[in-house]
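Report on the following structure.
The values are calculated or read from the model by the stated rules, or taken from the named source; none is laboratory data. Every value quoted in this text rests on a predicted model; they were computed, and no experiment measured them. Counting neighbours? That spans all protein chains shown, and the Cβs are built from the backbone with ideal geometry, glycine included.
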Amino acid sequence: MSDTKVTPMRRLSVRLPDPAHQRLQQHARRSGLPVARAATDLLCATLESDNPPVTTPTTRTARRTTSQRPAGTAPAGLSPPPWLPPGPDPQWEQNTKAAIAALCRRYPDALAKLERDWHKRPERVEVLAALATWRAGIDAAAEDPREELSFHNALQQLTRTLDRTPGLQLSALT
């Protein structure tokens, strides 16, 4: 019988900014480890060190304190998430419409009842842009099949919403 002590482990999900995620992927490639294992090793080493880094509020933490700022202002140095317009920005609108059109081509049955004037409805633009951003993230770097399953659940929810919305003029995108 072995005297090896097994340390209990807990699962943790974290979000990293793109530059940090890219550095983590590079580190994992150099070390020959899966990304999740490399992240675990780095985090454990950092927490066990005598001088762990000082943390600063993240975007998510900063967003939680929006009630302390005047309406419509973002915390210093932070921008809105990529699926929300950063203000009047024709480039963002063009990129978002292209991403949503690609989503409609990829899932024609699910989005068959998307209304023609979807781009005039902020609630529809935000949902579609979030789905397109989510899909792009999954395609680029997903490592957990639960991300794919969650995406498709959200897509099905939107499909049900579109099915129940009376009087839609269907989109020419599909």
(request) Taking the residues in region 105-146 that are surrounded by 12 or more Cβ atoms within 10 Å (Cβ to Cβ) and free of Cβ contacts under 8 Å to residues at least 12 places away in the same chain as candidates, determine which candidate is nearest to Ala36 (Cα to Cα). (result) Ala142
(request) Tell me, yes or no, whether region 20-34 has at least one residue that is modelled with pLDDT under 80, in contact with a helix residue (DSSP H, G or I) (Cβ under 7 Å, 6 or more places away or on another chain) and part of a loop (DSSP other than H, G, I, E, B). (result) no
